[in-house]
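Data first, discussion second: the structure below is written as structure tokens.
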Amino acid sequence: MGGHDGPEYAHVAEFKAGSSVMQIAVDSAIPGIDGDCGGECACGTCHVIVTNEWFSKTGTPGNEEEQMLSMTPERASTSRLGCQVVLTDEMDGMTVHLPEFQM
Ligand code: FES
């Protein structure tokens, strides 16, 4: 997971299929992802920007996620809510970046 300041702030989190990106970040105490709503797609504090090469593997944002993302500062074309991206074995090694500001 890349911090917003570049690779020198990169965090490496243990890969766990079946967990969400948000859950892993919170469990690993990675700063920049709060997950205030506990993964209910209701707070927008788990915004991550997926790197282009991994984006297609993360699926498509649902309606609620899309609404939440539309209110997110720094929304990018590969933005996702970390709580809505559930890791599968195919995503081992995925890199995501954190926005400078969460909601
Ligand atoms: S944890 Fe609240 S929207 Fe993802």
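Readers should treat all values here as calculations from the given coordinates under stated rules, not as data from a laboratory. Note that the structure is predicted; figures quoted are calculated from it, not measured. Cβ coordinates were reconstructed from backbone atoms using ideal geometry, including for glycine residues, and neighbour counts include every protein chain displayed.
For the reader, a short list of remarks on this structure follows.
- Residues 80, 75, arranged from fewest to most other Cβ atoms within 10 angstrom of their Cβ, appear as 75, 80.
- Sequence-distant residues sharing a close amide H with residue 20 (under 5 Å, placed H): 87
- If R0 equals 22 Å, the separation of the Cβ atoms of residue 14 and residue 100 corresponds to a calculated FRET efficiency of about 0.30.
- Net charge of neighbours whose Cβ lies under 15 Å from the Cβ of residue 53, counting Lys and Arg as +1 and Asp and Glu as -1: 0
- Residues 51, 72, sorted so that the one with the fewest Cβ neighbours within 10 Å comes first: 51, 72
- Cβ crowding within 10 Å ranks 55, 101 as 101, 55, fewest other Cβ atoms first.
- Segment 7-97: translational diffusion in µm²/s, Stokes-Einstein, Kirkwood Rh over Cα pairs, 10 °C, 1.306 mPa s: 122
- Applied to segment 43-53, the Karplus parametrisation 6.51 cos²θ - 1.76 cosθ + 1.60 on θ = phi - 60° returns per-residue 3J(HN,Hα) values of 10, x, 8, 10, 4, 10, 10, 7, 5, 3, 5 Hz, with x for Gly and Pro.
- For segment 57-67, backbone phi angles converted through the Karplus equation (6.51, -1.76, 1.60; θ = phi - 60°) give residue-by-residue couplings of 6, 8, x, 10, x, x, 4, 5, 5, 4, 4 Hz, Gly and Pro being listed as x.
- Taken about its Cα centre, segment 7-97 carries a charge dipole of about 120 debye when Lys and Arg each add +1 at the Cβ and Asp and Glu each add -1 at the Cβ.
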